[in-house]
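The values are calculated or read from the model by the stated rules, or taken from the named source; none is laboratory data. Predicted model, so just to flag it, every value in this text is computed and none were measured. Because the Cβ atoms are built from the backbone with ideal geometry, glycine has one as well, and the counts that use them run over all protein chains shown. To get the accessible areas, we keep the full protein, side chains included, count just its heavy atoms, and leave off ligands, DNA and RNA. Shrake-Rupley method; radii C 1.70, N 1.55, O 1.52, S 1.80 Å.
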Amino acid sequence: MSRQRVIALLGRPDAPTDAVEEYCRYLGEALLAEDFELIIERVDWNVTGWNRAANALRRRAEGWRGTWVLVQYTALAWSARGFPLRFLRVLKSLKAAGARVGVVFHDIEPYGGTRVIDGLRRCVQLHVMRKGLGLSDTAVFTVPMERVSWIKHEPHKGCFIPVGANLPASTEANSGKDILRGGKLSVAVFGITGGESGRWEIENVVEAVRFAASRIGNLRLIVLGRNAQSAEAELTNRFRDSQVELHVLGVLPGEDVVRTLSVSDVLLFVRGPISTRRGSAIAGIACGLPVIAFEGSETAPPITEAGLAFFSPQKKGDLGNVLLRVLEDEHYRTSLAQRSLLAQRQYFSWRVIAARYAEFLRRQS
């Protein structure tokens, strides 16, 4: 029996890593067991320009009649400055070619900001997302649809499927943890946002880890992923006179990320409210870690079934207090880790995600 072909259509790649492409790659591997073959294609508008890219897409789409094309949406994948109006042109071309069009919304809400240009960008993104949902045959949302503020007229068009960790399968048993960490408790931070948000994140991490170290002695802080190395100088300076052993690892292959997280004791996630579309937080869950995070409008089941310890960003010193409790109370820490492993098996493994995609696509056929 031949597998059913599905196209994953991407815009320009992100750098230094492309989380959406990795998402498609891991999803494609898991979909093979469901008799679907996911083929990754790109609209290379950033290389050839939009006119040539659109013409090339029309030619390719001639062979996609009746085939599901899952168009991956983030604003910056379809516009250098986050004004993705041409995304609608892509959807119209696919529809004209007879393809079955699904939109996978990785960006769920428009970008924030208080400047005039931010308000204009927000209006454009809302228009594109609403119009894109209307043009599509169906859609996939990476947070529960009731948490998406702009869905009003077509609340039943599509389904919710959380993202998984863009990592190879991790082992649930980490029997060598004590040996590998040299007896120290290890705190991991996976990814730092650039710009002003990144500075806020660094300030909060430094304050919390220094506080915890002052109470329980030596700690190891491991910072890896995007923008980690650009923050290394500041982190080194801020921890110079502390009992914190700092390791800044930068962007690593997936296997090394799994190895690093699996021998850590807790993941700090401060890159925004935790939700089912936050792959770097789900990476900690996949590796069986307690995750310290804060809540927001997208925080809802099933992410809340994982081993989460919440702090309040508005409460001075709360992140440090929550971190200290997780590190000091081994029973509490272990119970959180077990909840993360259970949530990974039930909701966030690629096998489960692929099964939900397969059920969804068959139901739409």
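General observations
- Failed criterion for residue 328 (all others in (1) open to solvent by less than 50 Å² (accessible area, probe 1.4 Å); (2) out of contact with any strand residue (DSSP E or B) (no Cβ under 9 Å at 6 or more places or on another chain); (3) closer than 23 Å to residue 220 by Cβ hold): (1)
- Selection of segment 114-153 for residues being of a type in the set (Gly, Ala, Ser), within 24 Å of residue 362 (Cβ to Cβ) and out of contact with any Asp or Glu (no Cβ under 9 Å at 6 or more places or on another chain) yields 132, 136.
- Filter pass, residue 264 being open to solvent by less than 70 Å² (accessible area, probe 1.4 Å), touching a Cys at 6+ places or on another chain (Cβ under 9 Å) and part of a loop (DSSP other than H, G, I, E, B): yes
- Residue within segment 314-324 that is in a helix (DSSP H, G or I), polar (S, T, N, Q) and modelled with pLDDT of 95 or more present: yes
- Restricting attention to segment 228-245, the residues being closer than 21 Å to residue 278 by Cβ, in a helix (DSSP H, G or I) and open to solvent by less than 60 Å² (accessible area, probe 1.4 Å) number 1.
- Close Cβ contacts (under 6 Å, 6 or more residues apart or on different chains) running from residues in segment 324-353 that are without any contact (Cβ under 8 Å) to a residue 24 or more places away in the chain to residues that are surrounded by 20 or more Cβ atoms within 10 Å (Cβ to Cβ) are absent.
- Taking first residues from segment 90-108 that are in contact (Cβ under 8 Å) with a residue 12 or more places away in the chain and closer than 16 Å to residue 141 by Cβ and partners that are surrounded by fewer than 21 Cβ atoms within 10 Å (Cβ to Cβ) and among the basic types (Lys, Arg), the Cβ contacts under 7 Å between residues at least 6 apart in sequence or on separate chains come to 101/95; 106/277; 108/277.
- Residue match in segment 109-126 (condition: of a type outside the set (Gly, Ala, Ser) and either in contact with a strand residue (DSSP E or B) (Cβ under 6 Å, 6 or more places away or on another chain) or at positive phi (or both)): no
- Count of segment 271-296 residues which are closer than 19 Å to residue 325 by Cβ, among the hydrophobic types (A, V, I, L, M, F, W, C), touching a residue at least 40 places away in the same chain (Cβ under 8 Å) and in a loop (DSSP other than H, G, I, E, B): 1
- Tally, over segment 16-43, of residues that are closer than 27 Å to residue 226 by Cα, in contact (Cβ under 8 Å) with a residue 60 or more places away in the chain and outside any helix (DSSP H, G or I): 2
- Test: residue in segment 111-133 that is surrounded by fewer than 20 Cβ atoms within 10 Å (Cβ to Cβ), touching a helix residue (DSSP H, G or I) at 6+ places or on another chain (Cβ under 8 Å), of a type in the set (S, T, N, Q) and touching a residue at least 24 places away in the same chain (Cβ under 8 Å): no
- Tally of residues being open to solvent by less than 10 Å² (accessible area, probe 1.4 Å), at pLDDT 95 or above and of a type outside the set (A, V, I, L, M, F, W, C) across segment 181-227: 1
- Qualifying residue in segment 32-46 (condition: within 22 Å of the chain's Cα centre (by Cα) and more than 30 Å from residue 192 (Cα to Cα)): yes
- Restricting segment 162-180 to residues that are at pLDDT 85 or above and farther than 26 Å from residue 311 by Cα, the residue that is most open to solvent (accessible area, probe 1.4 Å): 168
- The residues listed here are 337, 300, 309; of these, the one that is open to solvent by less than 30 Å² (accessible area, probe 1.4 Å) and either at positive phi or assigned to a strand (DSSP E or B) (or both) is 309.
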